[in-house]
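The values are calculated or read from the model by the stated rules, or taken from the named source; none is laboratory data. Source: prediction; values computed, not measured. Neighbour counts are summed over all protein chains in view; Cβ atoms, including those assigned to glycine, are modelled from backbone coordinates with ideal geometry. Just the protein is used for accessible areas: all its heavy atoms, side chains included, with ligands, DNA and RNA removed. Shrake-Rupley method; radii C 1.70, N 1.55, O 1.52, S 1.80 Å.
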Amino acid sequence: NPAVVSAGRLTFAVSGRRDLFDEVEPLFGVLGRGATYVGDGEAARLVKIAHNVYLGVVMQALTEITVLAEKGGVSRAAFLGFLNDSVMGSIFSRYKTPAMVDLDFTPTFTNPLLRKDFDLGLAAARQYGVSMPIAAAAAELVTAAIGAGHTTEDFATLLIEQARRSGLDLVAEDTPVDDGLHDDA
């Protein structure tokens, strides 16, 4: 998405002929952080799908623990600040913190697009005989968010649905938080 690109954190998974990758690899560094050669043929397609399935699973887990903390009296900003500074924090959790704290769901990736990648990932799992029960459960929650009307907003709206299922009314917090994308932040 544009914020990741402008922060210089774009990465590429590249597949195809290794000799061609080796020839153009320096160009990827101009466009972002670089590239990883992942194999022949369409291996990069599978890597992208697996990445996005993981993205959905991680987002759902992040919404669950955030709602748990808030339901117990901890602000989202405080909980996510702690999490982001712990060993469990990540570029992704930092990046999604402002959306979750401010309830700003300007789209970077929508639930319908995420559901498409879950469908593709679960189909690949069946093809390769890989059991993915956590991904399947997360896919159902994404489908429920779509059914609740979250089709044009960011997939971080999974937070809204988790809060609703937990009997929690969310309110935007007026607290500045770091998105973790910039070295000076």
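With r as the distance between the Cβ atoms of residue 58 and residue 18 and R0 = 35 Å, compute the FRET efficiency 1/(1 + (r/R0)^6) and round to 0.05. Taking R0 as 35 Å, the efficiency between residue 18 and residue 58 is 0.70. Placing a pseudo-label 7 Å from each Cα along the Cα-to-Cβ vector at residue 151 and residue 116 gives an inter-label distance of 1.4 nm. Bridgeable lysines around residue 71 (alpha carbons under 27 Å apart, same-chain partners fewer than 8 residues away excluded): 96.
Residue 88 contributes an accessible area of around 140 Å² to the protein surface, as traced by a 1.4 Å probe with all chains present. For the chain, adding -39500 (n - 2.57) for each run of n ≥ 4 DSSP H residues and dividing by the number of residues yields -19500 deg cm²/dmol at 222 nm. Region 106-128 and region 41-97 have Cα centres separated by 17 Å. In plain terms, the chain from residue 75 to residue 33 could stretch by 11.7 nm, reckoned as 0.36 nm per residue minus the Cα-Cα distance. Taken over the alpha carbons of region 133-185 as equal point scatterers, the Debye sum produces base-10 log I(q)/I(0) values at 0.18, 0.19, 0.20 Å⁻¹ of -0.76, -0.80, -0.85. Normalising the Debye intensity of the chain to I(0), with uniform scatterers on Cα atoms only, and taking log10 at q = 0.14, 0.18 Å⁻¹ returns -0.86, -1.26.
Over region 71-130, the reciprocal of the mean inverse Cα-Cα separation, the Kirkwood hydrodynamic radius, stands at 13.9 Å.
Each label point was placed 7 Å from the Cα along the Cα-to-Cβ direction; for residue 169 and residue 3 their separation is 2.7 nm.
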